Structure formats: C-alpha cells, structure tokens
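The values are calculated or read from the model by the stated rules, or taken from the named source; none is laboratory data. Just so we're clear, the structure is a prediction, and the values are computed from it rather than from any experiment. Using ideal geometry, Cβ is built from the backbone for each residue, glycine included, and neighbour counts are taken over all protein chains shown. For accessibility, only protein heavy atoms count, side chains too; no ligands or nucleic acids. Shrake-Rupley method; radii C 1.70, N 1.55, O 1.52, S 1.80 Å.
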Amino acid sequence: IPINIRVSASVVDMVLTPQKPGRYTFHDVLYGSDPMSQFSLDVEFIDNRLASPEMEIDERSLEPVSDEQLSEETEETTVLFPNLSKEKISSNQILQLPIVGSEEELANLTVTCHHIDLDKEVPVVVDRSNPTMFLATVSPSNGGNYTLNFLLEDKHVDQSPISFFVEGEIYDDQCVFKPQPNGQVFNLNGDFVEFEVENLFTGRDVELKSKAKLPSETTVVLRSSKISDDNYLFKYCSTDLGKHEFSVWNKGRPIADSPRVVEITSVSNEEPLLPRYKGPPIVEGNSVII
C-alpha cells in the first residue's frame, strides 16, 4: 500500500488509505540504520466508511489476505479443523490439529504452513494412520504471522486458510553465528574478540549489521570483513573487563541466538596492534590518497 510521508517540525506523519478491513503491518521501519519496533493497525469499516483504527506498537504483524487468496475458489467439503486465529501461541510450541472428514477427502488433503513475515514454508507432519481423522503437527520456531492451508486439488477447503500469530521475536533464518572448531562462538585472540557469521543460503545477498554493548552500557558499531563466499568475520578490540553483548542483524532482523554474550576477564595494557593513519594525505590531481 503506498505510504505518503509528511514532515513538520519533529513529527513525521505516515499517511495511507486502506481499502479493506484487516490488520496492516508496518515493518522494516528504520531510524538511521537502527530497526524500530514493528506496529500494526486494526482497520474496520462502518457503512463503507473507515472507522477509527486501533494501533498496536509491538512485534506483531498480520498482513491482510492477498487479492489472489481472496479470489481463489474454495472447495465445499466435510473437512473440519480447529481455528487457531485467537489462540495464544509461543515460539517452539508444538501444535497438534485433529482434522476430520470423509476418507476420500482426507486421502487427497494437503496441509501446508507458511510464515508470512519471512516468506518461508514451515514443515507440517501429518499422521494418516486413522483414515477419517488425521493429526497435523507443526512447531513454529519463529515469532510472527503464519497461515495454515488446507487444500484439495490445489483449492482451499472451507475456512482455509487460517491465520495465527506466534509470540516472540522474528529472527532472520538466513544467517547464524558460526561455531569455532572448539564449539565456542567467540575466539579470544589477545585483546580481540572475534566471531564469524555464516550465510546458510549460498548466493543470497546479506546486509549484516552488528553492535557491541559494553559493560559501561556504551554501544559500538562493528564492521564485518568477508573471509569466504558465505562467511563474515567480526572483530572488536576489548579495553574493558566484564560482559560484552554482541548483536547481529541481517536485513533489519536479528539473527538466531542474537545477542550473544562473552565475558572478558583480562586485557593487556599494551597498545593494540591496529592499523594507523600514515599522513599527511597526498593530493594527486582530483584525488586524495590517505
């Protein structure tokens, strides 16, 4: 949906015109390079006029059903299943859904689960031992919005798809902290704290950002260096004792297990072996060499 931006003094207005009722999500909102909380609007219409929307500022986001889904024909069947749309669900919770229907219908029924925010399929295990009552099991490991699809010959049965929300952080599933050969994430190399982040999907672009939170509550932005096609190295020269918290985001979302914490118990008093600027700058034509 197009969003118009209006700026006045210290206020920014985001103006949109919803055409349908439902919950609308505002995501990937950045202040500079820092991700802000997602928020959503619950929109209703009364006599074809927009009612006052209710706003939630949290990590919840429920995108409205797409035009393609709305236009799909549904198949009238005897298939019945529970509606999870109003259930309180947490990440890694095991959901078991009994599905009843005729033996012929269930034999051809397909059940899929889709994470809307990450645009990825989530595995569904279907126990077909009882021909007239199946048991579908799904365990959403990530927070966010999901749909469960019940299909006969690629058509949704009545009441399908159903949408449900899982409480918890929406983690990026593309990148992970890469363990060292000793199984630890962090490598303490002199005064340097080093860790690697691995891209699990070769060929897919990454946009990594990282911050270190020091014992003094100060935060430091870290930069990565690409050491192979799918691996990125982060280094920080520690000068403080205590717990250091390292957070990594990919494309604005925290990667799994972020932040990670390491405790620094000793630092040297020597000057760190860091590159130094060797000046003064040299001017050559229209270029400056540092």
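The set of residues in region 76-102 being closer than 18 Å to ASP154 by Cα and open to solvent by 90 Å² or more (accessible area, probe 1.4 Å) consists of GLU76, LEU80.
Inside region 216-226, residues that are part of a strand (DSSP E or B) and either at pLDDT 90 or above or over 18 Å from PRO179 (Cβ atoms) (or both) make up a count of 6. Residues that are closer than 30 Å to GLU87 by Cα, out of contact with any Cys (no Cβ under 9 Å at 6 or more places or on another chain) and not in a strand (DSSP E or B) occur in region 174-190; there is at least one. Identification of strands (runs of 3 or more DSSP E) wholly contained in region 1-74 with 2 or more residues that are of a type in the set (A, V, I, L, M, F, W, C) and at pLDDT 75 or above yields 4-8, 11-15, 39-43. Restricting region 221-266 to residues that are in contact (Cβ under 8 Å) with a residue 60 or more places away in the chain and open to solvent by 50 Å² or more (accessible area, probe 1.4 Å) leaves a set whose member that is nearest to GLY203 (Cα to Cα) is LYS251. Restricted to region 85-121, and to residues that are aliphatic (A, V, I, L, M) and in a loop (DSSP other than H, G, I, E, B), which residue is farthest from GLY252 (Cα to Cα)? Looking at the filtered set, the residue picked out is ILE94. Listed by first and then second residue, the pairs with beta-carbon distance under 8 Å, at least 6 apart or on different chains, first residue in region 116-145 and under 18 Å from PRO82 (Cα atoms) and of a type in the set (A, V, I, L, M, F, W, C), second open to solvent by less than 60 Å² (accessible area, probe 1.4 Å) and part of a loop (DSSP other than H, G, I, E, B), are ALA136/PHE81; ALA136/VAL124; VAL138/VAL124. When residues in region 156-171 are screened for being buried (at least 19 other Cβ atoms within 10 Å of the Cβ) and more than 20 Å from ASP117 (Cα to Cα), 1 of them pass. Out of LEU118, LEU106, one residue alone is buried (at least 16 other Cβ atoms within 10 Å of the Cβ) and over 25 Å from the mean Cα position of the chain (by Cα). It is LEU106.
Please tell me if GLU196 is closer than 24 Å to LEU118 by Cα, assigned to a strand (DSSP E or B) and either open to solvent by 80 Å² or more (accessible area, probe 1.4 Å) or at pLDDT 90 or above (or both). Yes: the conditions hold for GLU196. Residue count for region 122-156 satisfying the condition of being closer than 22 Å to ALA107 by Cα and assigned to a strand (DSSP E or B): 18. Take region 199-218 and flag every residue that is open to solvent by 70 Å² or more (accessible area, probe 1.4 Å), within 16 Å of ASN231 (Cα to Cα) and touching a residue at least 12 places away in the same chain (Cβ under 8 Å). Once the filter is applied, which keeps residues that are open to solvent by 70 Å² or more (accessible area, probe 1.4 Å), within 16 Å of ASN231 (Cα to Cα) and touching a residue at least 12 places away in the same chain (Cβ under 8 Å), region 199-218 yields LEU200, PHE201, THR202, ARG204, GLU207, LYS209. Of all residues in region 17-28, those satisfying the criterion of being over 18 Å from ILE46 (Cα atoms) and either open to solvent by less than 90 Å² (accessible area, probe 1.4 Å) or of a type in the set (Val, Ile, Thr) (or both) are THR25, PHE26, HIS27.
Of the residues that sit in region 125-155 and are of a type in the set (Gly, Ala, Ser) and over 19 Å from the mean Cα position of the chain (by Cα), which one is least open to solvent (accessible area, probe 1.4 Å)?
Applying the filter and picking the extreme gives ALA136.
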